[in-house]
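Just so it is clear, none of the values below were taken in a lab; they were calculated from the coordinates. If you're wondering where the values come from, they're calculated on a predicted model, not measured in any experiment. With ideal geometry, Cβ positions are generated from the backbone for all residues, glycine too; neighbour counts draw on all protein chains shown.
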Amino acid sequence: MDSKLYFQKINSTITRRLIYKVLLCSIFISISALPIILNASALGPDTWTNLAGYTLAGKKMAISILSPNDGQNFDTQFITVNGDASNYDGDISVTVKVGGVTQGLTVTGGPTWTFSHIELTEGSNNITAIAIDASNNPDQTSINVIYTPPDTTNPFISIISPTEGQEFTTSSITVNGSASDNKGLSKVEVKVGAGSWVTVTGGASWTYSSITLIEGTNTITARATDTSDNTNQTSVNVKYTPPDTAKPVISIISPIEGQELMTSSITVNGTASDDKGLGKVEVKVGAGSWLPVTGTSSWTISSITLIEGTNNITARATDTSNNSNETSINVNYSPPDTAKPILSITSPKEGKVFTTSSITVNGTASDDKGLNKVEVKVGAGSWLPVSGTSSWTISSVTLIEGTNNITARATDTSNNSNETSVTVTYAKPGITNPFISITSPTNGTDFTTSSITVSGTALNNSTFRMVEVNVNNGTWKNASGTDQWNITVELSAGSNTIYARANYSTSNSDNTSVTVTYTPTESNSGGGGGSNSGGGGGGGGGSGEEISNINVNEKYDLPIYKDRKTTYTFKSVKNPIIYVNVTGNTNNDVITAMVEALKGTSSLVASAAPGNVYMNVNVWVGTSGFATPRNIKEAIIMFRVDNSWIGQNKDIKLLRWDGNEWITLKTSEIMKDETFTYFEANTDSFSPFAITSLKETPTLESIFSSEKTPAQKGAKTGVNKTQGKESNQPNVLINWFIISGIFVLIGLIIEVVRMKKK
């Protein structure tokens with residue numbers, strides 16, 4: 001097809017279509033432009049609308065709200081609404097609704113209108129203004145406003161910790177609590193008393209540390225503020241009592257510092273005080289134990305024991321918070337001087353033989369308080385003053401021919417005296433009978449060791465050669481020394497006779513001898529240790545008891561120390577003494593304690609012990625003169641008695657011979673087993689003892705057996721007449737029982753015969 005014809009055909013088609021559409025549009029516009037009049041009054045102002053935006057009745061009226069603005073917020077419930085109208089015909093009627101509820105209706109002739117006291121509800125409020133003019137032309141408009149009522153509710157606040165009335169001993173504490181508000185919290189603050197408010201950490205759960213309290217009652221206040229500036233507060237009262245660190249006050253009133261005392265037991269008085277309250281007051285002496293006193297603010301304690309010399313007395317007060325304070329004084333206790341001086345003769349030695357009648361005597365003396373004088377005498381002669389005291393001498397002491405007893409006496413400043421003596425012999429020159437003596441051991445000594453030392457004296461003149469010794473007529477052996485000699489010999493079990501003789505160039509002396517006994521025993525008990533020399537005493541030798549009267553002998557060596565208990569334990573089953581406890585007043589090297597269990601009354605006493613004697617024993621500690629209060633503070637003897645013997649005897653006592661009579665010691669029963677009953681007795685010295693029953697409970701068996709019991713071996717007879725009378729009492733009782741028995745028997749026979757006759 002020709003291209004020109006093709007485009008013409010297309011243009012013709014498009015033209016037809018455009019003309020068709022223009023025609024249709026013209027018809028639509030014409031129809032739409034026709035005025036349509038509706039009966040608006042029949043619809044009413046509430047349903048009137050502007051159809052399609054076209055003007056009804058020939059013109060369009062408009063209403064607008066000028067105040068408030070759309071979206072405005074209010075915190076008051078009642079507001080004023082203002083507006084205006086335009087394009088209206090005649091008077092207009094304006095209605096205001098809030099949320100569909102009519103709250104105002106007015107008729108106005110001007111363009112502006114106003115409604116006051118429009119009530120809002122909390123939250124969003126839709127305000128609609130509706131206007132109708134005189135020609136019934138309507139219009140309406142609306143806005144939304146928000147009513148938020150003012151926040152007048154106080155926030156909630158509480159203090160969780162501390163609680164009301166709580167007490168503290170620290171000044172810095174932490175306060176915790178909680179708070180809340182329906183609108184929102186702004187802050188929480190805390191203060192103590194009238195102090196400043198301090199903002200704390202947290203809101204709903206808050207805390208404040210390092211609150212500082214003052215001593216006494218503290219008011220802690222917490223305050224919460226919300227976002228509307230409403231506030232609320234709460235408070236608690238707490239008490240702060242600072243820790244009691246103040247020490248009590250204490251003083252010693254009596255005795256006073258430096259006071260000199262002559263008694264060892266004193267009373268101490270004083271006062272004490274504390275601002276919170278005293279708990280107790282105590283007193284001690286030196287490093288001793290604390291002792292409770294009587295009273296607190298004014299206190300006293302009696303029977304405080306002092307030691308010799310300076311004593312530090314300390315008083316301590318303790319308050320109810322356990323704070324303590326001490327005060328002390330020093331007093332001096334000087335006990336009465338009852339200690340005898342110490343005295344020795346250093347020359348001549350015991351047993352020395354002189355060929356000249358005039359000799360010099362030397363010695364030493366000492367006293368803890370002070371020496372006054374030293375004197376010497378020979379035999380029963382007069383006391384002669386010496387030269388010196390601690391180291392003294394006296395020359396031209398005259399001896400008589402034969403044995404001479406030289407005695408030295410020391411007297412201290414308290415008039416206490418002590419004596420010691422030696423025995424020497426004066427033999428004129430050119431004697432015809434040579435001289436020999438054995439000074440140790442003494443006759444009758446009992447030994448538990450086989451090896452002993454024998455010593456003695458001899459006349460040492462120009463013809464002297466040696467001293468010889470033998471045992472039981474054995475081989476003669478040479479001793480060491482001349483006028484003072486000694487030798488070690490071996491004993492046999494049982495009795496031993498030791499012989500000594502002096503050998504001179506001209507002749508031998510007559511023999512001298514002593515008899516001793518060797519009794520092998522168990523090994524000595526140990527328990528010694530080192531020594532701390534401070535006193536004499538030494539070991540013990542023979543007691544002088546008759547050998548034939550000794551049933552068993554036990555002795556042991558131990559040191560005795562000041563204020564410490566030394567226990568000598570004895571093992572023999574024949575020995576009733578279990579142990580001897582000795583507490584020393586001085587420190588001493590090895591001291592021998594010996595017990596001799598006897599067969600009868602000691603040969604060293606003048607009369608038998610009273611009562612029914614269970615056993616006699618000799619108890620010795622140290623050498624003569626050692627066992628005195630100067631050296632021994634306390635001694636306790638434990639002994640046992642067979643129960644079968646006690647069954648007939650009561651009131652068991654330990655008696656001690658004091659040199660003149662029997663003394664009853666304080667005796668206590670301490671324990672009992674199936675065989676023995678054990679007792680303890682206190683003593684302050686050692687000598688012969690007797691275990692006795694002072695109250696005998698007689699039985700028929702004991703009465704009849706007493707007639708058969710022989711008298712104790714070694715008992716002294718005829719010394720105590722009263723005792724002799726008492727010894728006849730059992731015979732009288734026996735005779736009485738025999739006679740009574742005969743009468744009873746005769747009576748029974750008569751009664752039997754009489755019954756048979758019936």
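Give me the Kirkwood hydrodynamic radius of segment 156-240 in Å, from all C-alpha pairs, to one decimal place? Spell out each step's value before the answer.
Details: mean 1/r = 0.0781 Å⁻¹.
The Cα-based Kirkwood calculation yields 12.8 Å.
Cα centroid distance between segment 279-332 and segment 364-414, in Å?
49 Å
Within 10 Å of each residue's Cβ, count the other Cβ atoms and sort Asp275, Asp244, Asp651 from fewest upward.
Working: Asp275 9, Asp244 17, Asp651 13.
Arranged by neighbour count, lowest to highest, Asp275, Asp244, Asp651 become Asp275, Asp651, Asp244.
How much length is gained on full extension from Asn330 to Asp229, taking 0.36 nm per residue of separation minus their Cα-Cα distance?
Values: separation 101, 0.36 × 101 = 36.36 nm, distance 7.53 nm.
That works out to 28.8 nm of additional length.
Can you sort Ser135, Ser624 from fewest to most other Cβ atoms within 10 Å of each residue's own Cβ? Please report the intermediate quantities before stating the final value.
On the way: Ser135 14, Ser624 9.
Listing Ser135, Ser624 from fewest to most nearby Cβ atoms yields Ser624, Ser135.
Rounded to the nearest 0.05, what FRET efficiency is calculated for Ser644 and Asp684 with R0 set to 35 Å and r the Cβ-Cβ distance? Please list the in-between numbers first.
Numbers: r = 32 Å, r/R0 = 0.92.
That pair, Ser644 with Asp684, gives E of 0.60.
What nm value, rounded to one decimal, do you get for the distance between Ala194 and Phe156 when each label is placed 7 Å out toward the C-beta?
Roughly 3.4 nm, to one decimal.
If the chain between Ser116 and Ser513 were fully stretched, how many nm would it gain, using 0.36 nm times the residue separation less the Cα-Cα distance? Intermediate results must be reported in sequence, preceding the final value.
Working: separation 397, 0.36 × 397 = 142.92 nm, distance 15.83 nm.
So the extension gain works out to 127.1 nm.
In nm, to one decimal, how far is the Ser172 label point from the Gln77 one, both placed 7 Å along Cα→Cβ?
For Ser172 paired with Gln77, the spin-label model returns 5.4 nm.
Gain in length, Glu419 to Lys280, computed as 0.36 nm per residue apart minus the alpha-carbon separation, to one decimal in nm? Kindly include the intermediate steps, with their values, before the conclusion.
Details: separation 139, 0.36 × 139 = 50.04 nm, distance 5.37 nm.
Residue separation times 0.36 nm, minus the Cα-Cα distance, leaves 44.7 nm.
Could you name the aspartates and glutamates whose alpha carbon sits less than 18 Å from that of Lys369, not counting residues in the same chain fewer than 8 places away?
Here the aspartates and glutamates satisfying the reach criterion relative to Lys369 are Glu260, Glu308, Asp337, Asp412, Glu419.
Which of Lys284/Lys565; Lys349/Lys633; Lys377/Lys555; Lys565/Lys650 have a Cα-Cα distance over 29 Å?
Numbers: Lys284/Lys565 23 Å; Lys349/Lys633 32 Å; Lys377/Lys555 36 Å; Lys565/Lys650 31 Å.
Those over the limit are Lys349/Lys633; Lys377/Lys555; Lys565/Lys650.
Project the alpha carbons of segment 218-299 onto their principal axes and report the range along each, largest first, in whole Å.
Answer, in whole Å and largest first: 90, 21, 20 Å.
Roughly how many nanometres apart are two label points built 7 Å out from the Cα toward the Cβ at Thr294 and Asn581?
Result: 3.0 nm between the two label points.
Quick check: Cα centre of segment 631-663 to Cα centre of segment 195-257, how many Å?
That distance is 75 Å.
Which aspartates and glutamates, on any chain, are close to Lys239 with Cα under 20 Å apart, when same-chain ones fewer than 8 places away are left out?
Within the straight-line limit of under 20 Å, Lys239 reaches these aspartates and glutamates: Glu164, Glu167, Glu215, Asp275.
Arrange the following residues from fewest to most other Cβ atoms within 10 Å of their Cβ: Trp657, Trp206, Trp645.
Trp645, Trp657, Trp206
I need the calculated FRET efficiency for the pair Trp476 and Asp337, taking r as the beta carbon distance and R₀ as 60 Å, to the nearest 0.05.
That gives a FRET efficiency of 0.65.
Across segment 342-426, what fraction of all alpha-carbon pairs, as a whole percent, falls in each successive 5 Å bin from zero upward?
Final binned percentages: 3, 16, 29, 24, 15, 8, 4, 1.
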